[in-house]
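S.K.: The structure's right below; bear with me while I get my questions together.
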Amino acid sequence: MENILNIRNVSKIYQSAGQGLTVLDNINFSIAPASTVAITGPSGSGKTTLLGLCAGLDRASSGTVELNGIALEKLSEDERAAVRNQYVGFIFQNFQLLPTLTALENVMVPLELRGAKNIKSVAMELLDKVGLADRAQHYPVQLSGGEQQRVSLARAFSNQPAILFADEPTGNLDAETSEKIIRLIFDLNRDAGTTLVIVTHDLELAARTGRTIKIKGGAIFSDENVSYA
Ligand code: ADP
């Protein structure tokens with residue numbers, strides 16, 4: 001089967017204060033559809049940058065990122081946003097909900113962008129799926145961290161993404177809440193075949209995926225198809 005993601009000779013150089021900082025240096029890997037992958041490595045090694053490039057949130061300085069057969073570097077900002085809307089779910093360590101919108105409205109946003117039908121009832125169903133139907137009218141500040149992350153999951157699921165990227169999805173949550181979030185994420189893989197790419201410091205979580213890619217100093221240090229789960 002064709003890979004859902006192909007990363008070829010990808011480098012990222014940030015420009016700051018007139019100087020170039022090479023954060024990713026000639027990265028190569030591919031990800032098979034419906035697989036589960038952890039990206040680990042020390043702080044500052046380039047994991048978040050790499051995830052952003054894979055998801056089309058940012059553009060590589062050189063090399064190619066191919067998502068579902070689409071070469072992202074050839075696309076305009078708007079075209080990349082359209083590809084993200086169609087294929088990609090993304091969840092962040094800090095949830096990144098819109099503070100002026102209720103839980104329900106936050107989940108409705110991507111549905112509106114896609115011109116989906118019955119937006120409100122679809123968003124309610126998604127909230128129900130993550131166990132938050134009774135929090136639909138709450139604003140992010142009125143929700144606990146775990147609840148906010150569940151809203152953010154409902155939002156990420158809303159376009160039934162082919163691939164879900166999660167950047168330290170449990171980094172700010174207690175152990176019990178983390179486990180709930182992780183189960184919801186893995187359910188998506190099991191039930192819908194969604195490919196999972198999870199950046200994490202948590203080696204136990206990494207061991208539950210089928211493959212661990214370790215990044216060090218902007219390069220791939222190891223890439224192992226092992227699972228202890
Ligand atoms: P990790 O997720 O592994 O902690 P990051 O990808 O966040 O690593 O960061 C890698 C390096 O790139 C760090 O040195 C960080 O300071 C730098 N960096 C990240 N984003 C930017 C940016 N927008 N501009 C300049 N430097 C950045």
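Where a number appears in this text, it was derived from the coordinates with a stated rule and is not lab data. From a predicted model like this one, the values you see are computed outputs, not experimental measurements. Glycine also receives a Cβ, built like all others from the backbone with ideal geometry; neighbour counts cover every protein chain displayed.
S.K.: Cβ neighbours within 10 Å, averaged per peptide: list 25-34, 43-52 in order, most packed at the top.
M.R.: The packing order, highest mean first, is 43-52, 25-34.
S.K.: log₁₀ I(q)/I(0) of the chain at q = 0.08, 0.11 Å⁻¹, via Debye over equal Cα point scatterers, no solvent, to two decimals?
M.R.: Normalising to I(0) and taking log10 leaves -0.28, -0.54.
S.K.: What dipole magnitude, in Debye to the nearest 20, does the chain give about its Cα centre under +1 on Lys/Arg Cβ and -1 on Asp/Glu Cβ?
M.R.: The calculation lands at about 240 debye.
S.K.: Suppose we look only past 26 Å in the calculated P(r) of the range 16-143. What percent of the Cα-Cα pairs does that tail hold? Provide the component values of the computation, followed by the final result.
M.R.: Numbers: 3113 of 8128 pairs.
For the range 16-143, the share of Cα pairs beyond 26 Å comes to 38 percent.
S.K.: So how strong a dipole does the range 136-229 carry about its Cα centre when Lys and Arg Cβ are +1 and Asp and Glu Cβ are -1, to the nearest 20 debye?
M.R.: 220
S.K.: Please list log₁₀ I(q)/I(0) at q = 0.11, 0.15, 0.21 Å⁻¹ for the range 8-82, using the Debye equation with identical point scatterers on the alpha-carbon positions.
M.R.: -0.29, -0.54, -1.02
S.K.: If the cut-off is 27 Å between C-alpha atoms, which lysines fall inside it for K180, apart from same-chain ones fewer than 8 positions away?
M.R.: K47, K120, K129, K214
S.K.: Further, regarding this structure: Residue farthest toward the positive end of the dipole of the chain, with Cβ of Lys/Arg at +1 and Asp/Glu at -1: which of F186, A206, N26?
M.R.: Farthest along the dipole direction, towards plus: N26.
S.K.: Moving to a separate point now. How large are Rg and Dmax for the range 70-164 when only the alpha carbon atoms are used, in Å?
M.R.: 13.5, 43
S.K.: Would you mind giving the three semi-axes, in whole Å and largest first, of the ellipsoid equivalent to the range 136-229 according to its Cα gyration tensor?
M.R.: 25, 16, 12
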